[in-house]
Amino acid sequence: FPTERIRNFSIIAHVDHGKSTLADRLLELTGTIKRGHGQPQYLDKLQVERERGITVKAQTATMFHKHHFHGADNNGANEEPSFLLNLIDTPGHVDFSYEVSRSLAACQGALLVVDAAQGVQAQTVANFYLAFESNLAIIPVINKIDQPTADPDRVKAQLKSMFDLDASDALLTSAKTGQGLEHVLPAVIERIPPPPGNSDSPLRMLLLDSYYDEYKGVICHVAVVDGKLRKGDKISSAATGQAYDILDVGIMHPELTSTGVLHTGQVGYVVSGMRSTKEARIGDTLHHSKSIVLPLSGFKPAKHMVFSGLYPADGSDFEALNHAIERLTCNDASVSVARESSTALGLGFRCGFLGLLHMDVFHQRLEQEHGAHVISTIPTVPYIYEYSDGSKVEVQNPATLVSNSKKQVTACWEPTVLATIIIPSEYVGAVITLCSERRGQQLEYSFMDSQRAFMKYRLPLREIVVDFYNELKSITSGYATFDYEDSEYQQSDMVKLDILLNGQPVDAMATIVHNLKAQRIGRELVEKLKKYIDRQMFEITIQAVIGTKVVARETISAMRKNVLAKCYGGDVSRKKKLLEKQKEGKKRMKRVGSIDIPQEAFHELLKSS
Ligand code: GTP
């Protein structure tokens with residue numbers, strides 16, 4: 001395929017505006033997949049994605065489409081020339097904006113899909129700017145025009161006022177009824193330029209993504225920027241210098257289809273005998289081993305912004321959890337994993353995630369796909385602490401933060417984010433209150449049109465990690481949309497809040513909180529624990545402590561728990577049943593010192609801010 005007849009593009013959108021549905025329709029239109037193939041949303045492959053209706057891992061597919069430029073000379077040929085279109089799918093959620101930017105690096109254009117009824121939302125704004133900064137040709141697509149509340153004119157006005165996009169050339173579609181879809185691919189071909197690479201230059205290809213396949217081993221998605229790649233070539237990684245033989249090469253059509261060669265501008269897959277996806281560094285430049293090339297500018301590396309400890313729920317199956325985490329990280333290299341041990345919970349792992357949803361998805365996949373039962377600790381963000389001896393450390397686990405007479409904390413910096421919030425105007429007051437409670441600083445506040453307000457805030461990441469989004473949704477009756485990007489660190493007065501049970505600190509329950517909120521959060525945690533820890537044979541005191549100062553305290557009085565007391569020595573089978581139940585209940589306990597703490601207590605603590 002000559003490069004002039006290749007187009008590489010993405011579909012970007014706010015969650016639920018119809019990106020995956022539109023992608024499926026385009027694959028059907030081009031005959032890449034059969035119509036109504038019984039598995040909706042071909043590009044969303046993971047089980048969690050189907051359940052949650054979100055795209056987690058970007059997938060990519062190649063399509064062929066015949067197109068005749070209006071008025072162009074067809075050189076006397078009867079056939080319309082065929083174009084090769086690479087649709088590079090991008091995830092729609094805030095946590096994965098680094099995946100979005102790495103997908104966009106291989107594109108020259110993007111379809112910006114906006115729901116005709118909901119209009120521009122927070123992730124529309126975020127994704128637009130990612131595409132804009134990558135210099136992509138942007139084609140606005142106003143989707144879901146079949147809905148009774150659709151108002152394409154209002155959306156057009158928003159596109160103009162927010163992004164200065166000429167909305168007269170916006171496409172109007174319904175991915176559901178098929179209306180307007182015939183204009184999409186012609187627009188892709190006519191408005192998006194072909195990839196700019198040079199076919200005579202030495203091979204340079206960008207590593208876009210990788211996953212592990214049971215039969216073939218590591219499969220890498222690549223974009224050939226310059227030159228040509230053939231099966232049997234020897235290639236090297238610019239990042240590691242490691243050399244590999246290309247065992248197979250081809251396109252995703254949409255399944256892996258071996259072609260033996262990839263030309264300049266093409267997007268496809270390679271199998272190269274890599275042993276683990278950890279060798280496949282996203283954003284790496286691959287080149288022929290014999291040639292020396294300038295590496296392509298890689299894109300934003302994954303940054304771990306949320307950390308949490310993961311421990312086996314019943315203590316015994318550490319190895320099973322270890323195995324499950326290894327299997328899962330084979331396909332999600334963006335999670336960092338380090339072993340850690342906790343006096344309360346035993347051996348476990350400290351995992352770093354891109355964001356909260358990423359963490360949730362990881363937990364869910366551990367349970368669903370690998371049958372692992374885990375206890376996770378309160379999520380924390382990476383703080384930088386400075387000590388009196390001048391040393392600075394990044395604290396990813398609150399339990400490891402020490403401050404004693406020899407080594408005193410002198411300063412702390414916490415990560416912040418720049419948040420975009422879009423809401424119907426009547427909720428402005430409530431949102432301002434929420435953001436200031438969360439220590440936010442308002443940077444921008446304007447109206448997109450008569451009904452919608454747009455706000456920009458700097459917020460400490462810590463404040464949005466726990467339950468911010470849910471609260472934002474609930475105070476705005478579900479109407480708010482929210483997105484954020486990482487920003488700088490700011491100096492803050494952050495202290496470590498310890499939880500003590502009968503005077504013993506429970507390391508897995510330590511958190512880092514803002515000094516001004518410490519008392520309130522301490523109270524909340526202690527009250528929750530009191531609710532969830534059953535009375536035991538002895539008295540239990542629960543304390544929240546900062547340094548040596550107790551900020552909250554509760555006591556659970558002693559009681560002998562006798563589940564048979566109610567049975568009056570009667571029915572034996574009922575007795576047995578109760579005893580069984582009690583045994584089961586025990587399994588889900590975590591014994592800390594001599595105190596049994598139910599798993600729910602840990603889960604409930606996660607929800608405290
Ligand atoms: P993420 O994968 O989470 O980013 O969402 P998405 O943008 O891919 O949205 P998706 O394609 O999953 O569509 C969301 C919902 O909108 C689904 O229930 C679709 O059936 C529905 N939908 C998509 N396009 C249309 C449309 O044109 N009209 C109507 N009425 N519904 C649509």
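The values are calculated or read from the model by the stated rules, or taken from the named source; none is laboratory data. Since we're looking at a predicted model, the values are computed, not measured. Using ideal geometry, Cβ is built from the backbone for each residue, glycine included, and neighbour counts are taken over all protein chains shown.
For beta carbons closer than 6 Å, sequence separation of 6+ or different chains, a first residue in region 529-553 that is closer than 19 Å to residue 401 by Cα and a second that is surrounded by fewer than 16 Cβ atoms within 10 Å (Cβ to Cβ) and at pLDDT 90 or above, the qualifying pairs are 543/550; 543/553.
In region 84-101, the condition of being closer than 22 Å to residue 170 by Cα, modelled with pLDDT of 90 or more, of a type in the set (Val, Ile, Thr) and in contact with a strand residue (DSSP E or B) (Cβ under 9 Å, 6 or more places away or on another chain) is met by no residue. Within region 208-221, identify whether any single residue is touching a Leu at 6+ places or on another chain (Cβ under 6 Å) and under 18 Å from residue 10 (Cβ atoms), and answer yes or no. The answer is yes, given that some residue of region 208-221 is touching a Leu at 6+ places or on another chain (Cβ under 6 Å) and under 18 Å from residue 10 (Cβ atoms). Restricting to region 413-444, and then to whatever is assigned to a strand (DSSP E or B) and in contact with a Ser or Thr (Cβ under 6 Å, 6 or more places away or on another chain), can you tell me which residue is nearest to residue 460 (Cα to Cα)? Looking at residues that are assigned to a strand (DSSP E or B) and in contact with a Ser or Thr (Cβ under 6 Å, 6 or more places away or on another chain), I get 416.
The number of residues in region 12-25 being buried (at least 23 other Cβ atoms within 10 Å of the Cβ) and more than 8 Å from the ligand (Cβ to nearest atom) comes to 1.
Output the residues belonging to region 172-198 that are surrounded by fewer than 19 Cβ atoms within 10 Å (Cβ to Cβ) and within 16 Å of the ligand (Cβ to nearest atom). Hits for region 172-198 are 172, 176, 177, 178, 179, 180, 182, 183. Do we find that residue 204 is charged (D, E, K, R) and out of contact with any His (no Cβ under 8 Å at 6 or more places or on another chain) in this structure? No; evaluated as a whole, the condition is false for this residue.
Yes/no matrix, rows are residues, columns are (1) closer than 19 Å to residue 61 by Cα; (2) in contact with an Asp or Glu (Cβ under 7 Å, 6 or more places away or on another chain):
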{"site": "150", "(1), (2)": "no, no"}
{"site": "159", "(1), (2)": "no, no"}
{"site": "194", "(1), (2)": "yes, yes"}
{"site": "225", "(1), (2)": "yes, no"}
{"site": "228", "(1), (2)": "no, no"}
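Any residue at all in region 33-54 that is at pLDDT 85 or above, within 14 Å of the ligand (Cβ to nearest atom) and under 24 Å from residue 266 (Cα atoms)? No, every residue in region 33-54 fails to be at pLDDT 85 or above, within 14 Å of the ligand (Cβ to nearest atom) and under 24 Å from residue 266 (Cα atoms).
Yes/no per residue for (1) buried (at least 18 other Cβ atoms within 10 Å of the Cβ); (2) within 26 Å of the chain's Cα centre (by Cα); (3) closer than 30 Å to residue 525 by Cα:
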| site | (1), (2), (3) |
| --- | --- |
| 417 | yes, yes, yes |
| 425 | no, no, no |
| 433 | no, no, yes |
| 440 | yes, yes, yes |
| 454 | yes, yes, no |
| 459 | yes, yes, yes |
| 463 | yes, yes, yes |
| 467 | no, yes, yes |
| 475 | no, yes, yes |
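Looking only at region 240-251, filter to residues that are assigned to a loop (DSSP other than H, G, I, E, B) and either modelled with pLDDT of 95 or more or over 17 Å from residue 202 (Cα atoms) (or both); which one of those is nearest to the chain's Cα centre (by Cα)? Ranking the qualifying residues of region 240-251, first place goes to 240.
Would a scan of region 154-166 turn up a residue that is within 16 Å of the ligand (Cβ to nearest atom) and either under 20 Å from residue 452 (Cα atoms) or surrounded by fewer than 20 Cβ atoms within 10 Å (Cβ to Cβ) (or both)? Yes, because at least one residue in region 154-166 is within 16 Å of the ligand (Cβ to nearest atom) and either under 20 Å from residue 452 (Cα atoms) or surrounded by fewer than 20 Cβ atoms within 10 Å (Cβ to Cβ) (or both).
Among the conditions (1) free of Cβ contacts under 8 Å to residues at least 24 places away in the same chain; (2) surrounded by 20 or more Cβ atoms within 10 Å (Cβ to Cβ), the only one that residue 520 does not satisfy is (2).
When residue 426 is tested against the conditions (1) out of contact with any strand residue (DSSP E or B) (no Cβ under 7 Å at 6 or more places or on another chain); (2) in contact (Cβ under 8 Å) with a residue 12 or more places away in the chain, the lone failure is (2).
Say whether the condition of being surrounded by fewer than 16 Cβ atoms within 10 Å (Cβ to Cβ) and not in a strand (DSSP E or B) is met by at least one residue in region 379-388. There is at least one residue in region 379-388 that is surrounded by fewer than 16 Cβ atoms within 10 Å (Cβ to Cβ) and not in a strand (DSSP E or B). Out of curiosity, is residue 552 assigned to a helix (DSSP H, G or I), crowded, with 20+ Cβ neighbours inside 10 Å, of a type in the set (A, V, I, L, M, F, W, C) and modelled with pLDDT of 90 or more? For residue 552, the condition - assigned to a helix (DSSP H, G or I), crowded, with 20+ Cβ neighbours inside 10 Å, of a type in the set (A, V, I, L, M, F, W, C) and modelled with pLDDT of 90 or more - is not met.
A count restricted to region 389-412 and to residues that are part of a helix (DSSP H, G or I) and either within 28 Å of residue 442 (Cα to Cα) or touching a residue at least 24 places away in the same chain (Cβ under 8 Å) (or both) stands at 2.
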